[in-house]
Amino acid sequence: MHPVQVKPKTIIYFLTFFLTGLALLHEILKQTGIEKIKELYLKKISASLHTVGLLDKDPEYGLYISGDFANLQESQIYFLDAQVKGQGDRPVILLFNSMQYSSNMWLKLGVIHELAQNGYRSISIDLPGYGGSDKVPSIDEDARRIRLFEQMIKFFQLDEFVAVTPGYSGEYFLPFIFESQAAENALGWVPISPDGVKRFSLDEIALLPIPTLILFGEYDSAGEQDARTLAKMPNSSKKIFYSSGKHCFVDDPKYFTSSLLNFMQTV
């Protein structure tokens, strides 16, 4: 019986195939681990808060973060108010959330602390039905959404503010800036792939004068389309988060915060 002779070229092909398979398996296992870690991380930062009273403080910056409820639209709305020494006449930054997250997210990501270190008071708000707010049906009528914003302005005694509206919260803010007289209190808007843009025509969007910083992720095709629409606003600019999706501010909170702070210098 003669031994089987294997050509060197065949061995090379086999080794190449084998090593490619190992590399692919390693990448799959690595990615699975990354996704698992990310899943646990997102679960941690999206946990709702219901704590009333002082949550955190930083005497160096005169920062005091407290949680509380506001009775708005016949339901209890949870919020975090981060008061900071020296905030003076600077506009307040209102931080809203998409459906998946809560006001706790802005705390866990370090955004609230970094804004405070730069002298800005921020208020993180859970919309009705989400986060730490009452589990009531979400508000679908524009008139009630507008009224909710107007009540917030009155409750927090806001003369000037900038609104950050990721995802679902855009459904509330867009009708407000189109139809409410109180929209004159809004000095700026930071939409992050906001819902509700497609309800308005390009001509309508182009009439909005509010200074706007449009943010979206590289892999968020819907957000990119909406960004093109919002870019018709005369006082708008946009930034893309590379290697990010719809929740780009979660993927890269440092870049988000620095972009927001730069924008705040212009309003």
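The values are calculated or read from the model by the stated rules, or taken from the named source; none is laboratory data. These numbers were taken from a predicted model, which means no experiment stands behind them. Glycine gets a Cβ as well: all are built from the backbone with ideal geometry, and neighbour counts include every protein chain shown.
Here TYR41 does not qualify as crowded, with 21+ Cβ neighbours inside 10 Å, at pLDDT below 95 and either hydroxyl-bearing (Ser, Thr, Tyr) or in contact with a Cys (Cβ under 7 Å, 6 or more places away or on another chain) (or both). In summary, helices (runs of 4 or more DSSP H) completely within region 100-159 and bearing 2 or more residues that are of a type in the set (Phe, Trp, Tyr) and touching a residue at least 24 places away in the same chain (Cβ under 8 Å) occur at 142-155.
Only residues that are part of a helix (DSSP H, G or I) and closer than 15 Å to ASP203 by Cβ were counted across region 217-232, and they come to 3.
State whether the residues of region 214-231 include one that is closer than 20 Å to SER98 by Cα, at pLDDT 95 or above and under 14 Å from the mean Cα position of the chain (by Cα). Yes: one or more hits. Note on region 162-211: residues that are of a type in the set (Ser, Thr, Tyr) and within 19 Å of THR257 (Cα to Cα) amount to 3.
Of all the residues in region 160-202, those that are of a type in the set (Ser, Thr, Tyr) and either assigned to a helix (DSSP H, G or I) or touching a Gly at 6+ places or on another chain (Cβ under 8 Å) (or both) number 4.
The residue that is farthest from LEU109 (Cα to Cα), among those in region 238-267 that are exposed (fewer than 14 other Cβ atoms within 10 Å of the Cβ) and in contact with a strand residue (DSSP E or B) (Cβ under 9 Å, 6 or more places away or on another chain), is THR266. Can you find a residue that is surrounded by 24 or more Cβ atoms within 10 Å (Cβ to Cβ) and farther than 15 Å from ASN97 by Cβ anywhere in region 154-166? Yes, region 154-166 contains a residue that is surrounded by 24 or more Cβ atoms within 10 Å (Cβ to Cβ) and farther than 15 Å from ASN97 by Cβ. Checked against (1) of a type outside the set (D, E, K, R); (2) touching a residue at least 24 places away in the same chain (Cβ under 8 Å); (3) part of a helix (DSSP H, G or I); (4) farther than 21 Å from ARG90 by Cα, LEU261 passes all but a single condition, namely (4).
Take region 79-96 and flag every residue that is part of a loop (DSSP other than H, G, I, E, B) and either β-branched (Val, Ile, Thr) or on the phi > 0 side of the Ramachandran plot (or both). If the condition is that a residue be part of a loop (DSSP other than H, G, I, E, B) and either β-branched (Val, Ile, Thr) or on the phi > 0 side of the Ramachandran plot (or both), then VAL84, GLY86, GLY88 are the ones that fit.
Could you tell me whether any residue of region 125-141 is modelled with pLDDT of 90 or more and under 21 Å from ILE210 (Cα atoms)? So far as region 125-141 goes, no, none of its residues is modelled with pLDDT of 90 or more and under 21 Å from ILE210 (Cα atoms). Pick from region 188-210 the residues that are among the acidic types (Asp, Glu) and touching a helix residue (DSSP H, G or I) at 6+ places or on another chain (Cβ under 8 Å): which of them is nearest to GLY223 (Cα to Cα)? In this case the residue turns out to be ASP195. The residues of region 150-184 that are modelled with pLDDT of 95 or more and in contact with a Phe, Trp or Tyr (Cβ under 6 Å, 6 or more places away or on another chain), listed by number, are ALA163, THR165, PHE176. Scanning region 171-193 turns up no residue that is within 23 Å of MET99 (Cβ to Cβ), among the charged types (D, E, K, R) and surrounded by fewer than 17 Cβ atoms within 10 Å (Cβ to Cβ).
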